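The values are calculated or read from the model by the stated rules, or taken from the named source; none is laboratory data. No experiment lies behind these values; they were computed from the predicted model shown. Counting neighbours? That spans all protein chains shown, and the Cβs are built from the backbone with ideal geometry, glycine included.
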Amino acid sequence: DLRIIQEGLTAVRLFNPDEFHDEDTQRAVARKAEALEADFAVEREALAQSIFNLTRDETLARQRWGIEQKKAKLLQAKLQELQHVAAGATLNDEIQRALEEVE
């Protein structure tokens, strides 16, 4: 009895489930694995394309942001210049009026 149990345990220890499948099952498993790999490749490519598009969009947005910042600085400088000119014009008007009053 002990020998039969030992042989049974040896058989269990040496059992290879891959050898247990018949050819149809092995082919089905192989096809499923190939299909999963193909799906993964498609998803990986789609993700890579999405990352590329987002990176491109971010770069364009940063460029536009830089251009808009430069425009804002130029407009601010122009506004300060106009305010200075307007202040000078007001001063010139006051001087002109004072001269007219003196005459």
(request) Would you be able to say whether some residue in region 73-80 is at pLDDT below 95, surrounded by fewer than 10 Cβ atoms within 10 Å (Cβ to Cβ) and either small (Gly, Ala, Ser) or outside any helix (DSSP H, G or I) (or both)? (result) no
Expected single match for free of Cβ contacts under 8 Å to residues at least 12 places away in the same chain and surrounded by 10 or more Cβ atoms within 10 Å (Cβ to Cβ) among Val102, Val29 is Val29
